[in-house]
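Comments concern the structure below.
The values are calculated or read from the model by the stated rules, or taken from the named source; none is laboratory data. Predicted, not measured: the structure shown is a model, and the values here were computed from it. Heads up, the Cβs are rebuilt from the backbone with ideal geometry, glycines too, and the neighbour counts pull from every protein chain shown.
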Ligand code: PLP
């Protein structure tokens, strides 16, 4: 049976060009970038090149990129790094109720450390209200952390407007752009953020490598202490093959951005048109909002997502009920709840996230199977 992957927001396969770029750094150029001999210098040079590729992809300078072990770690470093460094100025952080758990749980942790966190609600489409954001800023506020694109619905927030509001009050802005990079233009200068998190494995790069953009001149407190790598911001021997792969995949993502967006949009629209056409009573969540082009959150009334996902899997179709982390922990979706979905609808919602190799034929097949499964279930 042919299997089809509709879960590209959880992760992506590593592109062949990325694997080729990484391979020499496993066994041939295996040096530690902190060593002063030629092996070390070769590794250091490769890291510097990747830093430039990544910086270019987000409109940053190379010295503004800090490598981390994941998007999760980049989010943790951004938020706790600001919290600890600027504790003297204030203890209030503003975020949203729909953030990925690597932001949400970090904020929950900071609450236990004496910080006050405001979790902004979203409207029916999944957007933050900018007036509400502005009203929630107070003199103790040190950071606004709002994701660029949501992993479950794909909804894109107005980060430029958000950072302009924050700047008026001398508050730093961080954005989790893990799901945005490679699916829409992301330019740190244009959107005016101070910190931005990205991750390689969401854009056809390797797992276990992320990066934090940290605006030049902004000092934050490190969360990992040790050998002082990454300008003392992230100690630990660098994952050279992973970093090289991240650099290469960023280069590819940016070179092919327009073409990729066009493809993803075409296939996602086909999926949504066909679902609307063939299955009665469905709801495509946040379909009226600005979304990244590959994500579709669909509520199928009358069938639980758990049942539908198992049956889809038995038919070779891999989708998801929300974020991969949430799924593993059987956590109900904070995002769907924040959108105002009833508990029942939250349990009947599936996320389809398509990728660069998803074809129209795969969509046709998936629709046939979904229609069949829903008909059987509803009888
Ligand atoms: N932020 C968002 C929006 C995500 O979707 C994810 C992963 O699903 C992360 C952060 C965490 O990234 P990583 O898997 O690299 O830790």
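Pairs meeting the criteria (first residue in the range 61-83 and more than 20 Å from residue 95 (Cα to Cα), second residue in a strand (DSSP E or B) and more than 12 Å from the ligand (Cβ to nearest atom), beta carbons under 9 Å, at least 6 apart or on different chains) are 64/213; 64/214; 65/213; 65/214; 66/213; 66/214. When residue 193 is tested against the conditions (1) more than 13 Å from the ligand (Cβ to nearest atom); (2) assigned to a loop (DSSP other than H, G, I, E, B); (3) surrounded by fewer than 24 Cβ atoms within 10 Å (Cβ to Cβ), the lone failure is (3).
Considering 173, 148, which residue is within 11 Å of the chain's Cα centre (by Cα) and surrounded by 24 or more Cβ atoms within 10 Å (Cβ to Cβ)?
148
Could you say whether any residue in the range 220-234 is away from the ligand (no atom under 16 Å from the Cβ), buried (at least 20 other Cβ atoms within 10 Å of the Cβ) and closer than 22 Å to residue 163 by Cα? Yes: the range 220-234 contains one or more residues that are away from the ligand (no atom under 16 Å from the Cβ), buried (at least 20 other Cβ atoms within 10 Å of the Cβ) and closer than 22 Å to residue 163 by Cα. For the range 345-377, the candidate set comprises residues that are farther than 30 Å from residue 260 by Cα and loosely packed, with under 12 Cβ neighbours inside 10 Å; within that set, the residue that is modelled with the highest pLDDT is 375.
State all residues of the range 139-161 that are touching a strand residue (DSSP E or B) at 6+ places or on another chain (Cβ under 6 Å) and more than 16 Å from the ligand (Cβ to nearest atom); if no residue qualifies, say none.
Hits for the range 139-161 are 140, 141, 143, 144.
Of all positions in the range 257-275, none carries a residue that is within 27 Å of residue 336 (Cα to Cα), touching a helix residue (DSSP H, G or I) at 6+ places or on another chain (Cβ under 7 Å) and either within 16 Å of the ligand (Cβ to nearest atom) or in a loop (DSSP other than H, G, I, E, B) (or both).
Among the residues of the range 72-85, are any over 28 Å from residue 286 (Cβ atoms), more than 19 Å from the chain's Cα centre (by Cα) and either within 11 Å of the ligand (Cβ to nearest atom) or surrounded by fewer than 18 Cβ atoms within 10 Å (Cβ to Cβ) (or both)? Within the range 72-85 (the criterion being over 28 Å from residue 286 (Cβ atoms), more than 19 Å from the chain's Cα centre (by Cα) and either within 11 Å of the ligand (Cβ to nearest atom) or surrounded by fewer than 18 Cβ atoms within 10 Å (Cβ to Cβ) (or both)), the answer is yes, since at least one residue qualifies. Residues that are under 21 Å from residue 136 (Cα atoms) and assigned to a loop (DSSP other than H, G, I, E, B) do not occur anywhere in the range 53-66.
Every condition in (1) under 30 Å from residue 88 (Cα atoms); (2) surrounded by 24 or more Cβ atoms within 10 Å (Cβ to Cβ) is met by residue 136 except one, and the failing one is (2).
Yes/no matrix, rows are residues, columns are (1) buried (at least 23 other Cβ atoms within 10 Å of the Cβ); (2) in a strand (DSSP E or B); (3) more than 16 Å from the ligand (Cβ to nearest atom):
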| position | (1), (2), (3) |
| --- | --- |
| 131 | no, no, yes |
| 166 | yes, no, yes |
| 186 | yes, no, no |
| 204 | yes, no, no |
| 207 | no, no, no |
| 212 | yes, yes, no |
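Note on the range 260-272: residues that are closer than 13 Å to residue 352 by Cβ and surrounded by fewer than 16 Cβ atoms within 10 Å (Cβ to Cβ) total 1. Scanning the range 318-338 for residues that are within 16 Å of the ligand (Cβ to nearest atom) and modelled with pLDDT of 95 or more, we see that the one that is surrounded by the fewest Cβ atoms within 10 Å (Cβ to Cβ) is 318.
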